[in-house]
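These notes are about the structure you will find just below.
The values are calculated or read from the model by the stated rules, or taken from the named source; none is laboratory data. Every value quoted in this text rests on a predicted model; they were computed, and no experiment measured them. Note: ideal-geometry Cβ built from the backbone for every residue, glycine included; neighbour counts use all protein chains shown. Note: accessible area is taken over every heavy atom of the protein model, side chains too, but ligands, DNA and RNA are not part of it. Shrake-Rupley method; radii C 1.70, N 1.55, O 1.52, S 1.80 Å.
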Amino acid sequence: KPCVDAFLYFRADNAIHVVLAKRKIKPNMDWWFFGGRVLVTDESLQKAMARKLQEEIGLSISVDRIPNEPFRVHLYKFSEDGTVSVAMKFLIEISEAEYASMRANLSKSQEYSELIALPPSEIVNNMAYHEAIRDCATTLL
C-alpha cells in the first residue's frame, strides 16, 4: 500500500523542534509518528498529505508547502496482517503557531493521544523511536 508520512518541524528559540504524535489506534498503536496516509485513487502525494493532516490533526497545509518529491522512502511490513507499505516521507516546516494549533486540536483527534516537540538530537539515538524517525531526524541536525 502506498502511504505518505509527514515529518513536521518548526523553529523556535533559535532551535529546530521535531513534531511527533503518539498513535492511539492500530496499526502501530503507541508509535510516535504521523503516518499511514493511504492514497486515494487519482490523488497526488501532496494532496494526500494535506488531506490527511487536516483530517487527523486539524492542520491546514496548502499543497504548495509540500515538496514535490519525498525526502525519504521506507518499506514497512506490519506483522499484524502481513501488509507491506511503501511510506514516502515529506519534510514539512510548520510555524510555532501551527504547532500550537495542533496541540489545541489534539483532543478531537481519533488517531493520536499525545503530541510532543523535540530537538532532533534527542531523537537520533533514542531507541524508543522507530528507525525511520531516527533516520529522518538526522536530516535536521
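For T83, put the label point 7 Å out on the Cα→Cβ axis and report which residues of the range 36-68 keep their amide N under 13 Å from it. Residues 36-40 fall inside that zone. Dividing the C-alpha radius of gyration of the range 80-141 by 2.2 N^0.38 Å, with N its residue count, gives 1.32. Here the sum of -39500 (n - 2.57) over DSSP H runs of 4 or more residues, divided by the residues of the chain, equals -7000 deg cm²/dmol at 222 nm, to the nearest 500.
If the chain linking D30 and T138 were pulled fully straight, counting 0.36 nm for each residue of separation and taking away their Cα-Cα distance, it would gain 36.7 nm.
Magnitude of the Cβ-charge dipole of the chain, K/R +1 and D/E -1, about the Cα centre, nearest 20 debye?
On the way: 17 positive and 19 negative charges, 42 e Å.
Charge dipole of the chain: 200 debye, to the nearest 20.
A compact globular protein would have a Cα radius of gyration near 2.2 N^0.38 Å; the ratio found for the range 40-120 is 1.21. Give me the percent of accessible area attributable to carbon and sulfur for the chain, probe 1.4 angstrom. Summing carbon and sulfur atoms, their accessible area is 50 percent of the total for the chain. Working from label points 7 Å from Cα in the Cα-to-Cβ sense, the N14 to V38 distance is 4.7 nm.
Which whole-number percent of Cα pairs in the range 1-135 have a distance greater than 19 Å? Don't jump to the answer; show the numbers that get you there.
Working: 4354 of 9045 pairs.
Counting every Cα pair in the range 1-135, those more than 19 Å apart make up 48 percent.
For the chain, a Gaussian network of Cα nodes joined below 10 Å ranks Y76, Y99, Y112 by mean-square fluctuation, and the top entry is Y76.
Calculate how many DSSP beta bridges within the chain are antiparallel, expressed in % of all such bridges and rounded to the nearest 5. Can you show the working numbers first?
On the way: 21 of 29 bridges.
Percent antiparallel among DSSP bridges in the chain is about 70.
Dividing the mean sequence gap of close Cα pairs (under 8 Å, 6+ apart) by how many residues the chain holds gives a relative contact order of 33 percent.
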